[in-house]
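The values are calculated or read from the model by the stated rules, or taken from the named source; none is laboratory data. These figures come from a predicted structure and were not determined experimentally. Using ideal geometry, Cβ is built from the backbone for each residue, glycine included, and neighbour counts are taken over all protein chains shown.
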Amino acid sequence: MNRDAPAGEAPRISFVSLGCPKALVDSERILTHLRAEGYELSRHHDGADVVIVNTCGFLDSAKAESLEAIGTAMKENGKVIVTGCMGAEPDQIRDIFPNVLAITGPQQYESVLGAVHQAVPPAHDPFVDLVPPQGIKLTPRHYAYLKISEGCNNRCSFCIIPKLRGDLVSRPAGDVLREAERLVKAGVKELLVISQDTSAYGVDIKYAASPWRDREVKAKFLDLSAALGELGVWVRLHYVYPYPHVDAVVELMAEGKVLPYIDIPFQHASPSVLKAMRRPAHQEKTAERIRRWREICPDLAIRSTFIVGFPGETDEDFEFLLDWLDEVKLDRVGCFKFEPVDGAPANELAGIVPDEVKEQRWHRFMQRQQAISAKQLARRVGRRVQVLVDETSGLRAKGRAAWDAPEIDGSIHLTSRRPIRAGEFVTARIESADAYDLHGTVV
(Lines give C-alpha, C1' and ligand atoms only; values in the text may rest on other atoms or scores of the structure.)
Protein backbone atom coordinates (compact mmCIF):
# COMPACT_ATOMS: atom_id res chain seq x y z
CA MET A 1 0.00 0.00 0.00
CA ASN A 2 1.40 3.37 -0.97
CA ARG A 3 -0.58 6.58 -0.97
CA ASP A 4 0.01 10.25 -0.35
CA ALA A 5 -1.78 12.34 2.23
CA PRO A 6 -4.24 14.88 0.74
CA ALA A 7 -2.47 17.81 -0.89
CA GLY A 8 -1.39 20.42 1.63
CA GLU A 9 -1.96 18.18 4.63
CA ALA A 10 0.77 16.57 6.69
CA PRO A 11 0.35 12.78 7.03
CA ARG A 12 -0.83 11.73 10.46
CA ILE A 13 0.57 8.92 12.63
CA SER A 14 -1.17 7.21 15.54
CA PHE A 15 1.21 5.52 17.97
CA VAL A 16 0.83 2.88 20.69
CA SER A 17 3.79 2.28 23.03
CA LEU A 18 3.70 -0.80 25.26
CA GLY A 19 6.17 -2.36 27.69
CA CYS A 20 9.01 -1.03 29.79
CA PRO A 21 10.65 2.43 29.93
CA LYS A 22 13.36 1.18 27.58
CA ALA A 23 10.69 0.59 24.93
CA LEU A 24 9.24 4.02 25.69
CA VAL A 25 12.59 5.58 24.78
CA ASP A 26 12.51 3.64 21.49
CA SER A 27 9.06 5.10 20.82
CA GLU A 28 10.32 8.61 21.55
CA ARG A 29 13.16 8.16 19.05
CA ILE A 30 10.82 6.98 16.30
CA LEU A 31 8.40 9.85 16.91
CA THR A 32 11.24 12.38 16.94
CA HIS A 33 12.38 11.19 13.49
CA LEU A 34 8.84 11.28 12.12
CA ARG A 35 8.12 14.77 13.45
CA ALA A 36 11.39 15.96 11.90
CA GLU A 37 10.07 14.71 8.57
CA GLY A 38 6.84 16.65 8.93
CA TYR A 39 4.50 13.90 10.12
CA GLU A 40 1.78 14.93 12.57
CA LEU A 41 0.64 12.83 15.53
CA SER A 42 -2.96 11.69 15.81
CA ARG A 43 -4.71 10.92 19.09
CA HIS A 44 -7.04 8.43 17.40
CA HIS A 45 -6.45 5.50 15.08
CA ASP A 46 -9.40 6.33 12.83
CA GLY A 47 -7.99 9.78 12.05
CA ALA A 48 -4.52 8.57 11.13
CA ASP A 49 -2.89 7.61 7.84
CA VAL A 50 -1.02 4.78 9.55
CA VAL A 51 -0.74 3.27 13.06
CA ILE A 52 2.52 2.14 14.67
CA VAL A 53 2.33 -0.35 17.56
CA ASN A 54 5.52 -0.75 19.62
CA THR A 55 5.05 -4.16 21.25
CA CYS A 56 6.32 -5.94 24.35
CA GLY A 57 7.18 -9.63 24.07
CA PHE A 58 8.68 -10.45 27.45
CA LEU A 59 5.80 -12.38 29.06
CA ASP A 60 2.81 -14.19 27.59
CA SER A 61 0.54 -11.64 29.26
CA ALA A 62 2.52 -8.83 27.59
CA LYS A 63 2.26 -10.59 24.22
CA ALA A 64 -1.48 -10.89 24.69
CA GLU A 65 -1.71 -7.15 25.41
CA SER A 66 0.38 -6.42 22.30
CA LEU A 67 -1.81 -8.62 20.09
CA GLU A 68 -4.91 -6.93 21.48
CA ALA A 69 -3.44 -3.51 20.64
CA ILE A 70 -2.62 -4.66 17.10
CA GLY A 71 -6.14 -6.03 16.70
CA THR A 72 -7.68 -2.73 17.84
CA ALA A 73 -5.49 -0.79 15.40
CA MET A 74 -6.40 -3.13 12.55
CA LYS A 75 -10.10 -2.81 13.33
CA GLU A 76 -10.10 0.99 13.72
CA ASN A 77 -7.63 1.82 10.96
CA GLY A 78 -6.35 -1.18 9.01
CA LYS A 79 -2.95 0.29 8.11
CA VAL A 80 -0.67 -0.97 10.88
CA ILE A 81 3.12 -1.20 11.32
CA VAL A 82 4.35 -3.39 14.17
CA THR A 83 7.71 -2.94 15.90
CA GLY A 84 9.32 -3.73 19.26
CA CYS A 85 10.28 -6.91 21.09
CA MET A 86 7.43 -9.02 19.80
CA GLY A 87 8.47 -8.08 16.27
CA ALA A 88 11.62 -10.19 16.73
CA GLU A 89 9.39 -13.22 16.11
CA PRO A 90 7.13 -11.96 13.29
CA ASP A 91 5.41 -15.28 12.52
CA GLN A 92 3.33 -15.17 15.69
CA ILE A 93 1.97 -11.78 14.54
CA ARG A 94 1.50 -12.69 10.84
CA ASP A 95 -0.37 -15.86 11.80
CA ILE A 96 -3.08 -13.73 13.42
CA PHE A 97 -2.79 -10.50 11.42
CA PRO A 98 -1.51 -11.39 7.94
CA ASN A 99 -2.38 -7.95 6.57
CA VAL A 100 -0.20 -5.75 8.78
CA LEU A 101 1.93 -3.49 6.57
CA ALA A 102 5.30 -4.34 8.15
CA ILE A 103 6.89 -5.97 11.19
CA THR A 104 10.27 -4.92 12.58
CA GLY A 105 12.19 -5.94 15.69
CA PRO A 106 13.30 -3.77 18.62
CA GLN A 107 15.66 -0.84 18.00
CA GLN A 108 15.17 -1.10 14.22
CA TYR A 109 14.33 2.58 13.82
CA GLU A 110 15.33 2.85 10.16
CA SER A 111 13.11 -0.09 9.23
CA VAL A 112 10.14 1.53 10.96
CA LEU A 113 10.74 4.82 9.15
CA GLY A 114 11.09 3.00 5.83
CA ALA A 115 7.77 1.23 6.40
CA VAL A 116 6.08 4.53 7.21
CA HIS A 117 7.54 6.16 4.09
CA GLN A 118 6.21 3.31 1.97
CA ALA A 119 2.74 3.45 3.53
CA VAL A 120 2.38 7.23 3.46
CA PRO A 121 5.30 9.33 2.15
CA PRO A 122 6.12 12.60 3.87
CA ALA A 123 4.23 15.54 2.42
CA HIS A 124 7.34 17.70 2.14
CA ASP A 125 11.06 17.76 2.75
CA PRO A 126 12.19 17.45 6.39
CA PHE A 127 12.06 20.55 8.58
CA VAL A 128 14.25 19.67 11.54
CA ASP A 129 13.22 22.88 13.32
CA LEU A 130 9.77 21.35 13.81
CA VAL A 131 11.32 19.20 16.52
CA PRO A 132 12.64 20.56 19.83
CA PRO A 133 16.34 19.86 20.52
CA GLN A 134 15.48 17.28 23.18
CA GLY A 135 13.25 15.36 20.74
CA ILE A 136 9.67 14.16 21.24
CA LYS A 137 8.99 12.92 24.78
CA LEU A 138 6.12 10.74 25.95
CA THR A 139 6.71 11.54 29.62
CA PRO A 140 5.59 14.72 31.42
CA ARG A 141 7.86 17.68 30.73
CA HIS A 142 9.61 17.59 34.11
CA TYR A 143 11.11 14.09 33.93
CA ALA A 144 12.62 11.92 31.19
CA TYR A 145 14.17 8.49 30.74
CA LEU A 146 17.83 8.43 29.72
CA LYS A 147 18.82 5.12 28.13
CA ILE A 148 22.57 4.46 28.37
CA SER A 149 22.81 1.07 26.64
CA GLU A 150 20.91 -1.57 24.70
CA GLY A 151 20.82 -5.33 25.25
CA CYS A 152 22.26 -7.47 28.03
CA ASN A 153 25.14 -9.90 28.57
CA ASN A 154 23.41 -11.83 31.35
CA ARG A 155 21.67 -15.12 30.61
CA CYS A 156 19.02 -15.37 33.32
CA SER A 157 17.02 -18.53 32.80
CA PHE A 158 13.61 -16.81 32.88
CA CYS A 159 14.51 -14.01 30.45
CA ILE A 160 14.72 -13.74 26.65
CA ILE A 161 15.79 -10.07 26.49
CA PRO A 162 19.25 -10.95 25.01
CA LYS A 163 17.46 -12.99 22.35
CA LEU A 164 15.17 -10.07 21.55
CA ARG A 165 17.56 -7.14 21.97
CA GLY A 166 21.01 -8.69 21.70
CA ASP A 167 24.09 -8.38 23.89
CA LEU A 168 25.12 -5.24 25.75
CA VAL A 169 25.84 -2.24 23.52
CA SER A 170 26.82 0.83 25.55
CA ARG A 171 26.50 4.39 24.29
CA PRO A 172 29.59 6.63 24.54
CA ALA A 173 29.48 8.65 27.74
CA GLY A 174 29.77 11.92 25.83
CA ASP A 175 26.66 11.11 23.78
CA VAL A 176 24.66 10.26 26.91
CA LEU A 177 25.77 13.44 28.67
CA ARG A 178 24.96 15.69 25.70
CA GLU A 179 21.47 14.17 25.50
CA ALA A 180 21.09 14.78 29.25
CA GLU A 181 22.15 18.42 28.80
CA ARG A 182 19.54 18.93 26.06
CA LEU A 183 16.86 17.50 28.32
CA VAL A 184 17.85 19.73 31.24
CA LYS A 185 17.91 22.78 28.97
CA ALA A 186 14.36 21.90 27.89
CA GLY A 187 13.14 21.95 31.49
CA VAL A 188 13.55 18.37 32.65
CA LYS A 189 14.04 18.27 36.44
CA GLU A 190 14.61 14.52 36.84
CA LEU A 191 16.66 12.11 34.73
CA LEU A 192 15.79 8.43 35.12
CA VAL A 193 18.82 6.41 34.01
CA ILE A 194 17.79 3.10 32.46
CA SER A 195 19.26 0.11 30.63
CA GLN A 196 18.94 -3.64 30.98
CA ASP A 197 21.98 -3.82 33.30
CA THR A 198 22.96 -0.31 34.31
CA SER A 199 25.94 -1.21 36.47
CA ALA A 200 27.51 -3.17 33.56
CA TYR A 201 27.57 0.02 31.50
CA GLY A 202 30.71 0.32 29.36
CA VAL A 203 32.10 -3.18 29.80
CA ASP A 204 31.51 -3.96 26.12
CA ILE A 205 33.52 -0.93 24.93
CA LYS A 206 36.24 -1.41 27.56
CA TYR A 207 35.08 1.75 29.38
CA ALA A 208 36.35 3.92 26.51
CA ALA A 209 36.51 7.64 27.25
CA SER A 210 34.77 10.20 25.06
CA PRO A 211 34.80 14.02 25.09
CA TRP A 212 32.29 16.04 27.08
CA ARG A 213 32.63 19.72 27.87
CA ASP A 214 36.32 20.30 28.59
CA ARG A 215 37.35 16.75 29.44
CA GLU A 216 37.16 13.04 28.67
CA VAL A 217 34.59 10.90 30.53
CA LYS A 218 34.98 7.14 30.73
CA ALA A 219 32.05 4.89 29.91
CA LYS A 220 31.92 3.61 33.50
CA PHE A 221 28.89 3.51 35.77
CA LEU A 222 30.64 5.59 38.43
CA ASP A 223 32.10 8.18 36.04
CA LEU A 224 28.85 8.65 34.15
CA SER A 225 26.85 8.96 37.38
CA ALA A 226 29.26 11.56 38.72
CA ALA A 227 29.09 13.59 35.50
CA LEU A 228 25.28 13.47 35.42
CA GLY A 229 25.35 14.71 39.00
CA GLU A 230 26.92 17.96 37.75
CA LEU A 231 23.82 18.94 35.77
CA GLY A 232 21.87 20.29 38.75
CA VAL A 233 18.83 17.99 38.45
CA TRP A 234 17.66 14.82 40.12
CA VAL A 235 19.44 11.72 38.78
CA ARG A 236 17.70 8.42 39.55
CA LEU A 237 19.38 5.05 38.88
CA HIS A 238 17.33 2.06 37.71
CA TYR A 239 18.07 -1.62 37.00
CA VAL A 240 21.36 -1.75 38.90
CA TYR A 241 22.91 -5.14 39.60
CA PRO A 242 24.78 -5.29 42.95
CA TYR A 243 28.33 -5.58 41.61
CA PRO A 244 31.09 -4.46 44.02
CA HIS A 245 31.71 -1.15 42.24
CA VAL A 246 28.16 -0.04 43.11
CA ASP A 247 29.51 0.87 46.59
CA ALA A 248 31.28 3.87 45.06
CA VAL A 249 28.05 5.07 43.42
CA VAL A 250 26.30 4.86 46.81
CA GLU A 251 29.00 7.22 48.07
CA LEU A 252 27.87 9.70 45.38
CA MET A 253 24.37 9.38 46.83
CA ALA A 254 25.67 10.16 50.32
CA GLU A 255 27.37 13.26 48.88
CA GLY A 256 24.13 14.45 47.25
CA LYS A 257 25.46 14.05 43.70
CA VAL A 258 22.69 11.62 42.66
CA LEU A 259 19.46 10.67 44.40
CA PRO A 260 19.72 8.27 47.39
CA TYR A 261 17.66 5.72 45.50
CA ILE A 262 18.68 2.48 43.87
CA ASP A 263 16.51 0.08 41.89
CA ILE A 264 17.93 -3.45 41.98
CA PRO A 265 15.97 -6.39 40.51
CA PHE A 266 16.94 -8.99 43.13
CA GLN A 267 14.23 -11.43 41.92
CA HIS A 268 14.74 -13.78 44.90
CA ALA A 269 16.86 -14.39 47.99
CA SER A 270 17.14 -18.18 48.27
CA PRO A 271 20.56 -19.31 46.98
CA SER A 272 19.09 -22.38 45.27
CA VAL A 273 16.47 -20.33 43.41
CA LEU A 274 19.02 -17.67 42.44
CA LYS A 275 21.24 -20.43 41.06
CA ALA A 276 18.36 -21.83 39.03
CA MET A 277 17.60 -18.31 37.79
CA ARG A 278 21.28 -17.88 36.79
CA ARG A 279 21.35 -14.49 38.44
CA PRO A 280 24.65 -12.56 38.33
CA ALA A 281 26.59 -10.68 41.01
CA HIS A 282 26.59 -13.19 43.90
CA GLN A 283 23.16 -12.06 45.04
CA GLU A 284 23.07 -14.52 47.91
CA LYS A 285 25.32 -12.02 49.76
CA THR A 286 23.10 -9.02 49.22
CA ALA A 287 21.96 -8.62 52.84
CA GLU A 288 25.47 -7.64 53.91
CA ARG A 289 25.85 -5.42 50.85
CA ILE A 290 22.65 -3.58 51.78
CA ARG A 291 23.89 -3.09 55.34
CA ARG A 292 27.10 -1.62 53.93
CA TRP A 293 25.21 0.75 51.61
CA ARG A 294 23.06 2.03 54.47
CA GLU A 295 26.17 2.68 56.50
CA ILE A 296 27.49 4.78 53.62
CA CYS A 297 24.15 6.51 52.91
CA PRO A 298 21.65 6.22 55.79
CA ASP A 299 18.89 7.93 53.78
CA LEU A 300 19.12 5.39 50.94
CA ALA A 301 15.86 4.01 49.54
CA ILE A 302 16.03 0.62 47.82
CA ARG A 303 13.39 -0.73 45.47
CA SER A 304 13.31 -4.17 43.88
CA THR A 305 11.23 -6.76 42.10
CA PHE A 306 10.81 -10.45 42.90
CA ILE A 307 9.40 -13.58 41.30
CA VAL A 308 7.48 -16.15 43.35
CA GLY A 309 6.56 -19.61 42.12
CA PHE A 310 9.72 -20.07 40.07
CA PRO A 311 10.20 -23.73 39.01
CA GLY A 312 11.74 -25.66 41.88
CA GLU A 313 10.88 -23.03 44.52
CA THR A 314 10.11 -25.01 47.67
CA ASP A 315 8.24 -23.95 50.78
CA GLU A 316 11.64 -23.57 52.45
CA ASP A 317 12.87 -21.30 49.64
CA PHE A 318 9.79 -19.12 49.98
CA GLU A 319 10.10 -18.88 53.77
CA PHE A 320 13.76 -17.94 53.28
CA LEU A 321 12.61 -15.10 51.02
CA LEU A 322 10.10 -13.83 53.57
CA ASP A 323 12.71 -13.93 56.34
CA TRP A 324 15.14 -12.09 54.05
CA LEU A 325 12.56 -9.35 53.46
CA ASP A 326 12.19 -8.93 57.23
CA GLU A 327 15.97 -8.67 57.55
CA VAL A 328 16.80 -6.19 54.78
CA LYS A 329 13.65 -4.01 54.95
CA LEU A 330 13.46 -2.79 51.38
CA ASP A 331 11.55 0.45 50.85
CA ARG A 332 9.68 -0.34 47.63
CA VAL A 333 8.99 -3.80 46.25
CA GLY A 334 7.10 -5.32 43.35
CA CYS A 335 6.29 -9.03 43.01
CA PHE A 336 5.32 -11.17 40.05
CA LYS A 337 4.06 -14.73 39.79
CA PHE A 338 6.33 -16.74 37.50
CA GLU A 339 5.12 -16.96 33.90
CA PRO A 340 6.76 -19.21 31.30
CA VAL A 341 8.23 -17.24 28.41
CA ASP A 342 8.60 -18.90 25.02
CA GLY A 343 12.26 -19.72 24.48
CA ALA A 344 13.36 -19.24 28.10
CA PRO A 345 15.47 -22.05 29.64
CA ALA A 346 13.42 -21.89 32.85
CA ASN A 347 10.57 -23.60 31.00
CA GLU A 348 12.59 -26.84 31.02
CA LEU A 349 13.23 -26.84 34.77
CA ALA A 350 11.65 -29.44 37.00
CA GLY A 351 9.39 -28.62 39.92
CA ILE A 352 6.59 -26.59 38.33
CA VAL A 353 4.74 -24.70 41.07
CA PRO A 354 0.92 -25.00 40.83
CA ASP A 355 -0.95 -21.78 40.07
CA GLU A 356 -2.85 -21.87 43.36
CA VAL A 357 0.44 -22.09 45.27
CA LYS A 358 1.86 -19.17 43.28
CA GLU A 359 -1.25 -17.16 44.17
CA GLN A 360 -0.94 -17.97 47.89
CA ARG A 361 2.75 -17.10 47.94
CA TRP A 362 2.15 -13.84 46.10
CA HIS A 363 -0.47 -12.75 48.65
CA ARG A 364 1.74 -13.72 51.59
CA PHE A 365 4.69 -11.89 50.04
CA MET A 366 2.66 -8.71 49.46
CA GLN A 367 1.21 -8.77 52.96
CA ARG A 368 4.67 -9.14 54.48
CA GLN A 369 6.13 -6.34 52.36
CA GLN A 370 3.18 -4.04 53.02
CA ALA A 371 3.90 -4.16 56.75
CA ILE A 372 7.60 -3.46 56.08
CA SER A 373 6.77 -0.58 53.73
CA ALA A 374 4.43 1.00 56.28
CA LYS A 375 7.17 0.94 58.94
CA GLN A 376 9.75 2.36 56.52
CA LEU A 377 7.44 5.20 55.54
CA ALA A 378 6.52 5.96 59.15
CA ARG A 379 10.19 6.85 59.71
CA ARG A 380 9.75 9.76 57.29
CA VAL A 381 6.97 11.44 59.32
CA GLY A 382 8.02 14.75 60.84
CA ARG A 383 10.72 15.48 58.26
CA ARG A 384 10.89 18.39 55.85
CA VAL A 385 11.68 17.14 52.35
CA GLN A 386 12.04 18.42 48.82
CA VAL A 387 9.17 17.26 46.61
CA LEU A 388 8.88 17.28 42.82
CA VAL A 389 5.23 17.95 41.98
CA ASP A 390 3.66 15.59 39.40
CA GLU A 391 -0.03 16.59 39.46
CA THR A 392 -2.05 19.50 40.85
CA SER A 393 -5.70 20.23 41.53
CA GLY A 394 -6.41 23.56 43.18
CA LEU A 395 -4.56 23.69 46.48
CA ARG A 396 -3.93 19.94 46.44
CA ALA A 397 -1.14 18.18 44.64
CA LYS A 398 0.68 14.89 44.31
CA GLY A 399 4.44 14.57 44.02
CA ARG A 400 7.48 12.56 44.95
CA ALA A 401 10.49 12.91 47.20
CA ALA A 402 13.92 11.49 46.37
CA TRP A 403 12.81 8.03 47.53
CA ASP A 404 10.19 7.38 44.84
CA ALA A 405 10.29 6.98 41.06
CA PRO A 406 7.33 7.95 38.85
CA GLU A 407 4.74 5.34 37.88
CA ILE A 408 6.16 2.49 39.99
CA ASP A 409 6.56 3.82 43.54
CA GLY A 410 4.45 5.78 45.99
CA SER A 411 3.56 9.46 46.17
CA ILE A 412 3.38 12.34 48.61
CA HIS A 413 -0.11 13.84 48.76
CA LEU A 414 0.20 17.56 49.42
CA THR A 415 -1.96 20.43 50.65
CA SER A 416 -0.83 23.98 50.05
CA ARG A 417 -1.91 27.54 50.87
CA ARG A 418 -0.88 28.71 47.42
CA PRO A 419 -1.33 27.24 43.95
CA ILE A 420 1.61 25.12 42.84
CA ARG A 421 2.44 23.80 39.38
CA ALA A 422 3.37 20.37 38.05
CA GLY A 423 7.12 20.21 37.56
CA GLU A 424 7.81 22.57 40.47
CA PHE A 425 10.00 21.73 43.46
CA VAL A 426 8.45 22.51 46.85
CA THR A 427 9.42 21.87 50.45
CA ALA A 428 6.90 19.84 52.42
CA ARG A 429 6.53 18.73 56.02
CA ILE A 430 5.55 15.05 56.20
CA GLU A 431 2.63 14.68 58.59
CA SER A 432 1.41 11.10 58.14
CA ALA A 433 2.05 7.86 56.32
CA ASP A 434 0.03 4.86 55.17
CA ALA A 435 1.18 1.57 53.66
CA TYR A 436 2.48 3.06 50.42
CA ASP A 437 2.13 6.88 50.41
CA LEU A 438 3.02 9.89 52.49
CA HIS A 439 0.90 12.97 53.29
CA GLY A 440 2.24 16.42 53.94
CA THR A 441 1.86 20.20 53.80
CA VAL A 442 3.80 22.62 51.63
CA VAL A 443 5.82 25.00 53.82
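In the set (1) modelled with pLDDT of 95 or more; (2) in contact with a helix residue (DSSP H, G or I) (Cβ under 9 Å, 6 or more places away or on another chain); (3) not β-branched (Val, Ile, Thr), Tyr436 fails one condition alone, (1). Restricting attention to region 293-329, the residues that are within 26 Å of the chain's Cα centre (by Cα) and either outside the structural domain of Ile352 (by TED's automatic domain parsing) or of a type in the set (D, E, K, R) (or both) add up to 4. Residues in region 27-48 that are of a type outside the set (D, E, K, R) and either more than 24 Å from the chain's Cα centre (by Cα) or assigned to a strand (DSSP E or B) (or both): Ala36, Gly38, Tyr39, Leu41, Ser42, His44, His45, Gly47, Ala48. The single residue among Ser304, Ser373 that is surrounded by 19 or more Cβ atoms within 10 Å (Cβ to Cβ), touching a Pro at 6+ places or on another chain (Cβ under 8 Å) and of a type in the set (S, T, N, Q) turns out to be Ser304. Among the residues of region 248-264, the ones that are part of a loop (DSSP other than H, G, I, E, B) and under 24 Å from Ala344 (Cβ atoms) come to 1 in all. Per this entry, Ala227 is counted among residues that are buried (at least 21 other Cβ atoms within 10 Å of the Cβ), over 19 Å from the mean Cα position of the chain (by Cα) and either at pLDDT 95 or above or not hydroxyl-bearing (Ser, Thr, Tyr) (or both). When region 1-33 is limited to residues that are buried (at least 20 other Cβ atoms within 10 Å of the Cβ) and of a type in the set (Ser, Thr, Tyr), the one that is modelled with the highest pLDDT turns out to be Ser14. Where helices (runs of 4 or more DSSP H) fall entirely within region 265-370, those with at least 1 residues that are among the small types (Gly, Ala, Ser) are at 271-277, 286-296. As a summary of the residue check, Val51 satisfies the conditions (1) within 28 Å of Leu146 (Cα to Cα); (2) outside any strand (DSSP E or B); (3) at pLDDT 85 or above except for the one numbered (2).
Whenever a residue of region 341-362 is over 19 Å from Arg279 (Cα atoms), its partners that are outside any helix (DSSP H, G or I) and among the β-branched types (Val, Ile, Thr), lying with C-beta atoms within less than 7 angstrom and at least six residues away or across chains, give the pairs Lys358/Val308; Arg361/Val308; Trp362/Val308.
Filtering region 344-352 for residues that are charged (D, E, K, R) and modelled with pLDDT under 95 leaves a non-empty set.
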